[in-house]
Amino acid sequence: MERILVVEDSPEIAALMSLTLRMEGYEVLTATDGLRALEIAFTSSPALILMDVMMPGLTGFQTAAKLKDEDRTKHIPIIFVTARHDVDDRVQGLEIAVDYISKPFAIPELVARVRAALRMQKLQADLKASNDQLSKLAITDALTGLYNRRGFDTQMEDELHRARRFRQPLGLAIFDLDRFKTVNDTYGHPQGDLVLQVFAETLLNLSRRVDKVARFGGEEFAVLLPNTDEVGAKIFAEKVRAAVEHTPVDCPTCGLGKTISVTVSGGVTILRPSDNTGHDGKVMPSIAQLADRLFEMADANLYRAKQGGRNCIQSQSTDEAEIALSLNPITP
Ligand code: GH3
Ligand code: MG
Ligand code: MG
Ligand code: MG
């Protein structure tokens, strides 16, 4: 049952509107002045508000403006119901309201306008829900539900700003499953997908709520570790490596109860906050440059881990000043 708030200082009109709307199957709340209307709107979040304009205390326009100022109530559609007819009033009213009904009103018209406003509101809510869903999909990896590259890049930007602002270390760990092509070639692509999903779960289980976990497509994954130093980042990456090594993945197509074992290699980089940034005439790296450099270094470390026999982690720290230096080569 949709809930409608009727704001009206005349008891007769309020009673007529309430009765009409109740007979149409709506739940009706009433308020006889603007302040009471605000209270009810804040606590009962009605689907629609019918608002008288001329009332003692706050006018309907003032009350509506306050409702539009509040996050909790700004989405609630308002229909002004008033005896004032001049064009200026209507125009002013329609700046905030979705519709305008003149008194005296015909009951069928009141009902029709209420229905139309609620229908419009529902369409907008549906549209917003599907937009939200699309925005989420745009930053999500379909196979694992983790962030995709695009989503991760945004998180990376935010976390770099935070790390710089609060002078906290930021860890970046990238993982690449070892000889994953062999898994696909031997057991089939669906089994490969299952391995990727299980690995995604492992990353989520071993990371903190504040960490950001992504799959970059293929069998490459990244985890951003806010406020984590080199010791912490290495412990995390090593835990992931060991968990993968010691937790075989189910292989339904290999036979009942059969499993396969995989391993993973990792490259870790930690950005340390610098003490001497920005005070000696050096051009400081931009956030994008910091991100690029961290990825480059993590990639290089991953490459070393692969070269070093796989199933291991390589890590290296850097700081802003060091990156700045690489961007501002000293010229004799
Ligand atoms: P290395 O130890 O050097 O990382 O060897 P690798 O075989 O894991 O590396 P390579 O980059 O040569 O192969 C990655 C493979 O990942 C290629 C492809 O078969 C597989 N792959 C990429 N995307 C997907 C996917 O979405 N699902 C599945 N099942 N496999 C994928
Ligand atoms: Mg009035
Ligand atoms: Mg691989
Ligand atoms: Mg790869």
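The values are calculated or read from the model by the stated rules, or taken from the named source; none is laboratory data. Predicted, not measured: the structure shown is a model, and the values here were computed from it. Heads up, the Cβs are rebuilt from the backbone with ideal geometry, glycines too, and the neighbour counts pull from every protein chain shown. For the accessible areas, the whole protein counts, side chains as well, though only heavy atoms, and no ligand, DNA or RNA atoms are used. Shrake-Rupley method; radii C 1.70, N 1.55, O 1.52, S 1.80 Å.
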| task | For the chain, calculate the relative contact order in percent as a whole number, restricting contacts to Cα pairs under 8 Å that are 6 or more residues apart. | result | 13
| Inter-probe distance in nm under a simple model that places probes 7 Å from Cα toward Cβ, at residue 307 and residue 70 | 6.4
| query | If R0 is 56 Å, what FRET efficiency do you get for residue 325 and residue 33 from their C-beta distance, rounded to 0.05? | reply | 0.25
| task | Consider all pairwise Cα distances in the chain and report the whole-number % of them above 36 Å. | result | 50
| query | So how much slack lies between residue 131 and residue 296, counting 0.36 nm per residue of separation and subtracting their Cα-Cα distance, in nm? | reply | 56.0 nm
| field | residue 231 versus residue 289: modelled label distance in nm, points set 7 Å from Cα along the beta carbon direction | value | 3.2
| query | In the P(r) worked out for segment 142-212, what percent of Cα pairs fall beyond 13 Å? | reply | 74
| field | residue 85 versus residue 158: modelled label distance in nm, points set 7 Å from Cα along the beta carbon direction | value | 5.4
| request: Provide Rg and Dmax in Å for segment 149-327, with only Cα atoms included in the calculation. | output: 17.6, 67
| request: Any chance you could look up the accessible area of residue 43 with a 1.4 Å probe, heavy atoms only, rounded to 10 Å²? | output: 110
| said: Please enumerate, by chain and number, the lysines with C-alpha under 22 Å from the C-alpha of residue 181, excluding those fewer than 8 residues away in the same chain. | reply: 258, 306
| message | Can you compute log10 of I(q)/I(0) for segment 3-137 with the Debye formula, treating each Cα as one identical point scatterer, at q = 0.12, 0.18, 0.20, 0.21 Å⁻¹? | response | -0.44, -0.97, -1.20, -1.32
| query | Are any of the pairs 128/234; 136/239; 66/128 more than 32 Å apart by Cα-Cα distance, and if so, which? | reply | 128/234
